[in-house]
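Undergrad: This is the structure I have questions about; it appears just below.
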Amino acid sequence: MNILVINCGSSSIKAAVINAHNGSSVLTMKVERIHDKALITINGTSVDCPDSGHEAVLNFALPLIKKHLGDQKLSGVGHRVVHGGDKFDMPVLIDAEVENVIKNVSVLAPLHNPVNLLGITVAQKVFADLPHVAVFDTSFHQTMPRRAVTYALPKHLREKHSIRRYGFHGTSHEYVANLAAKHLKADLKTLRIITCHLGNGSSIAAVEYGRSVETSMGMTPLEGLVMGTRSGDVDPGALIHLANEEEMSVYELNQMLNKKSGLTGLSGVGNDMRDIIEKSSDGDDDCRLALQVFTHRLRKYIGAYSAVMGGVDAIVFTGGIGENSSVVRHRSTQRLDYLGAVINEDKNHDVKLSAENPVQEFGMNHSRVKLMAVKTNEQFAIAQETLRIIEEKNKVNTTPTIPIAVSGRHIHLTQEAVDALFGKGYELTVKAPLSQPKQFACNEQVTIVGPKNKIERVRILGPTRPKNQLEISRTDEFFIGIDAPVRASGKVENSPGIKLIGPVGEYQMKEGVICAWRHIHMTPEDADLFGVQDKDIVDVEVTNGLRPLTFGNVLVRVSPKYALEMHIDTDEANAAELPRYSEGVLNKTDGSAKLITKKNKN
Ligand code: ADP
């Protein structure tokens with residue numbers, strides 16, 4: 001299972017053929033000086049490239065890999081893509097639509113995404129018969145909650161320019177968190193881990209029960225920790241000051257922040273942590289300060305992230321600095337006893353990681369929080385992910401997919417009810433169209449009043465119907481004090497009624513409160529495809545939600561008016577902890593249907 005992994009960066013191109021099962025490398029290639037006398041080193045032997053520039057170099061280098069491999073077969077190609085925006089929460093098989101999205105988010109990573117895409121385009125030409133998979137630096141962090149990704153900037157600007165925190169180095173954070181859990185013989189879903197990726201670029205992540213909930217890089221890889229040449233956190237006011245006082249242009253500020261700051265700017269001796277440590281022990285004050293600022297900021301983030309997760313079980317160090325520098329590990333984990341993290345100086349000093357020994361602990365035995373150095377391997381991680389997606393595609397290929405929609409509480413009203421609540425002759429107005437043809441969410445909302453409690457702002461769905469129907473979850477029923485039956489939409493006979501309050505008046509529904517029977521809408525063509533009929537009742541197994549479960553008793557509804565979609569309510573979605581935009585495949589087996597959710601692919 002050999003996978004070609006391509007990392008087409010702005011200043012260098014790295015490629016390797018990796019065995020996706022054991023991580024061993026079959027071939028490695030590196031291209032340096034892309035724009036001037038490009039030099040290709042393949043399996044240790046250097047070759048001059050006749051042309052320079054990304055496209056020419058790729059067109060020369062990738063066929064060279066093919067030639068080197070000879071008879072050795074590849075199963076696929078995995079491409080590192082820096083920015084997936086908010087569109088990709090997992091690696092994805094590349095097709096024209098995916099390429100388009102990568103292109104569209106280039107505005108967020110202008111130095112990286114266009115060259116990543118060039119790598120994809122040329123590789124697709126050279127390895128035309130292989131599946132190509134994009135693995136995003138951002139996707140692991142797509143689980144961050146809204147409060148963690150939102151900058152306190154004006155809403156219209158945030159929305160217009162997709163300004164939010166995305167996070168990077170996701171492949172590495174996820175990989176080392178998994179290795180740490182494996183080492184601790186624990187399920188990642190039971191651990192709170194802080195992962196510190198310290199290389200030329202550095203970031204830290206809070207991985208709470210397997211999901212990234214915070215990370216220090218933001219909209220771009222500039223925010224957060226001190227890095228080789230990047231500043232990390234700076235008061236934006238300082239930049240405004242420099243623009244005013246030094247008349248620095250946007251370009252100059254960009255260059256300063258990305259190329260001349262960080263360890264380079266602090267130390268005056270460059271970005272290599274080895275030199276900085278050596279010179280600081282010789283008494284160089286700038287290097288001392290560089291080391292202090294670097295580790296102080298890291299320790300500050302460790303404290304912040306344990307607060308974010310309400311505690312921490314392991315702190316992991318990785319990347320060139322995290323894996324190799326006992327000084328940095330020491331300085332950033334000292335005085336963490338209050339957290340329950342106690343460093344063992346001897347073990348820290350003796351850390352020596354290798355492919356055979358990629359995880360080592362350096363905490364005291366009694367340290368409640370495990371301190372660990374873990375060797376990252378982004379190429380292996382990309383190869384594993386690529387293989388997983390290819391295998392999934394081969395499985396899924398035979399079975400069509402079904403999107404799953406989660407219905408919040410809502411109400412369908414008669415015109416009579418609308419008249420009473422909003423005024424005679426009032427027409428409902430469209431807020432947003434729904435997936436089912438001609439259906440729409442209205443701007444209008446009502447209050448529902450049960451015997452125990454009321455719920456305000458219940459959304460009306462239009463257009464008006466011959467019968468009133470309020471669809472609520474079991475949790476809502478308990479809250480308002482009503483026992484409503486589980487019914488298919490439209491079957492409201494002998495169901496309870498409820499009082500509604502609108503801006504103009506009140507209306508007493510005599511019946512119509514139901515808990516919607518979970519169902520799948522489909523067209524007759526879809527029904528043929530799945531081998532089911534209208535009113536069939538099937539079992540639906542959701543295996544890829546965070547809490548896998550089987551929904552029994554799912555009603556199939558067939559009509560040429562419908563669009564294919566499974567509808568469940570909020571209680572059911574929460575029970576399975578479905579990711580947003582879930583999608584499934586339905587297998588008819590032994591008279592039951594099987595639905596496997598997948599994370600959204602674009
Ligand atoms: P990248 O982010 O480019 O993948 P790496 O993860 O390879 O970078 O990390 C490169 C950094 O690791 C360099 O700044 C280098 O100084 C640092 N490094 C490597 N070995 C050591 C060491 N023994 N002590 C301190 N720093 C080290």
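Undergrad: Less than 11 Å Cβ to Cβ from Thr447, Lys/Arg counted +1 and Asp/Glu -1: what total charge do the surrounding residues give?
TA: Overall, the nearby charge balance is +1.
Undergrad: Would you mind working out the accessible area per residue for the chain, using a 1.4 Å probe, and quoting it in Å²? Provide the component values of the computation, followed by the final result.
TA: Details: 28410 Å² over 602 residues.
Computed with neighbouring chains in place, this is 47 Å² per residue.
Undergrad: Taking a 1.4 Å probe, which of Arg147, Arg274, Arg474, Arg557 shows the most accessible area, and what order do the others take after it?
TA: Result of the area sort, largest leading: Arg147, Arg274, Arg474, Arg557.
Undergrad: Another one. In nm, give the distance between the simple-model label positions of Leu27 and Ala405, each being 7 Å from the Cα along the Cα-to-Cβ direction.
TA: Each label point lies 7 Å from its Cα, and together they span 4.8 nm.
Undergrad: Taking Cα centroids, how far is region 76-103 from region 5-31 in Å?
TA: 18 Å
Undergrad: In addition: Work out from phi, with θ = phi - 60° and the Karplus expression 6.51 cos²θ - 1.76 cosθ + 1.60, the ³J(HN,Hα) of each residue of region 427-434, listed in order in whole Hz, and give x for Gly and Pro.
TA: Karplus-based 3J(HN,Hα) across region 427-434 equals 10, 4, 10, 7, 8, 7, x, 9 Hz.
Undergrad: Please list the non-local residues whose amide H lies under 5 Å from the amide H of Gly232, H modeled 1.01 Å from N, same-chain partners needing a gap of 5 or more.
TA: Amide H to amide H, under 5 Å and 5 or more residues apart or across chains, Gly232 pairs with Met227.
Undergrad: Ok, one more. Going by amide H atoms built from the backbone, whose H comes under 5 Å of the H on Ser212, apart from near neighbours?
TA: For Ser212, whose amide H was placed from the backbone, the distant partners under 5 Å are Thr143.
Undergrad: Placing unit charges on C-beta atoms (Lys and Arg positive, Asp and Glu negative, everything else neutral), compute the dipole magnitude of the chain about its Cα centre in debye, rounded to 20.
TA: Once rounded to the nearest 20, the dipole reads 720 debye.
Undergrad: Here's a follow-up. With a cut-off of at most 16 other beta carbons within 10 Å, and DSSP calling the residue loop, which trypsin sites (Lys or Arg not before Pro) in region 1-34 qualify? Please list them.
TA: Sites meeting the loop and neighbour criteria: Arg33.
Undergrad: Something else: Taking H placed 1.01 Å from N in the peptide plane, check which residues at least 5 places from Val47 or on another chain put their amide H under 5 Å from its amide H.
TA: Ile40, Thr41, Ile42
Undergrad: For region 96-178, which whole-number percentage of the solvent-accessible area (1.4 Å probe, protein heavy atoms only) is attributable to carbon and sulfur atoms?
TA: 56 percent
Undergrad: By how many nm would the segment from Glu506 to Tyr209 lengthen if fully extended, with 0.36 nm per residue of separation less the alpha-carbon distance?
TA: Result for the pair: 102.2 nm of gain on full extension.
Undergrad: Please calculate the 1.4 Å probe accessible area of Asp233, with all protein chains present, and give it to the nearest 10 Å².
TA: We get 60 Å² for Asp233.
Undergrad: HN-Hα J couplings of region 227-236 from phi, Karplus 6.51/-1.76/1.60, θ = phi - 60°, integer Hz, Gly and Pro as x?
TA: Values, residue by residue: 10, x, 10, 9, 6, x, 4, 9, 4, x Hz.
Undergrad: If you average the C-alpha positions of region 119-191 and of region 37-59 separately, how far apart do those two centres end up, in angstrom?
TA: Region 119-191 and region 37-59 have Cα centres separated by 30 Å.
Undergrad: List the aspartates and glutamates whose Cα lies under 17 Å from the Cα of Lys189, skipping any in the same chain that are fewer than 8 positions away.
TA: Glu174, Glu208, Glu214, Asp313, Glu577
Undergrad: What length, rounded to one decimal in nm, is gained on full extension from Arg146 through to Val234, with 0.36 nm per residue of separation minus their alpha-carbon distance?
TA: 29.4 nm
Undergrad: Something else: Quick one: what are the phi-derived ³J(HN,Hα) couplings along region 277-291, Karplus 6.51/-1.76/1.60 with θ = phi - 60°, whole Hz, x for glycine and proline?
TA: 5, 4, 5, 5, 6, 7, x, 5, 5, 5, 5, 4, 5, 4, 5
Undergrad: Of all the stretches in the chain, which is the longest one without any exposed loop site, taking GluC sites (Glu not before Pro) in a DSSP loop (any state but H, G, I, E, B) with at most 13 other Cβ atoms within 10 Å?
TA: 1-245
Undergrad: Would you rank Lys87, Lys375, Lys259, Lys535 by solvent-accessible area, highest first, keeping every protein chain in place and using a 1.4 Å probe?
TA: Ranking Lys87, Lys375, Lys259, Lys535 by accessible area, largest first, yields Lys535, Lys259, Lys87, Lys375.
Undergrad: Residues with beta-carbon under 13 Å from that of Leu62, excluding Leu62: net charge, scoring Lys, Arg +1 and Asp, Glu -1? Numbers along the way, then the final one.
TA: Numbers: positive: Lys14, Lys66, Lys67, Lys125; negative: Glu55.
Within the 13 Å Cβ shell, the charges total +3.
Undergrad: Excluding same-chain residues fewer than 8 positions from Lys87, which lysines have a Cα within less than 16 Å of its Cα?
TA: Lys103, Lys160, Lys598, Lys599, Lys601
Undergrad: Let me ask another. Give, in nm to one decimal, the length gained when the segment between Asn357 and Asp285 is fully stretched (0.36 nm per residue of separation minus the Cα-Cα distance).
TA: Separation in residues times 0.36 nm, less the Cα-Cα distance, equals 22.3 nm.
The values are calculated or read from the model by the stated rules, or taken from the named source; none is laboratory data. What you are looking at is a predicted structure, and each value in this text was computed from that prediction instead of being measured. A quick note on method: Cβ atoms are made from the backbone with ideal geometry, for glycine too, and the neighbour counts reach across all protein chains shown. Note: areas computed on protein heavy atoms with side chains; ligands, DNA, RNA excluded. Shrake-Rupley method; radii C 1.70, N 1.55, O 1.52, S 1.80 Å.
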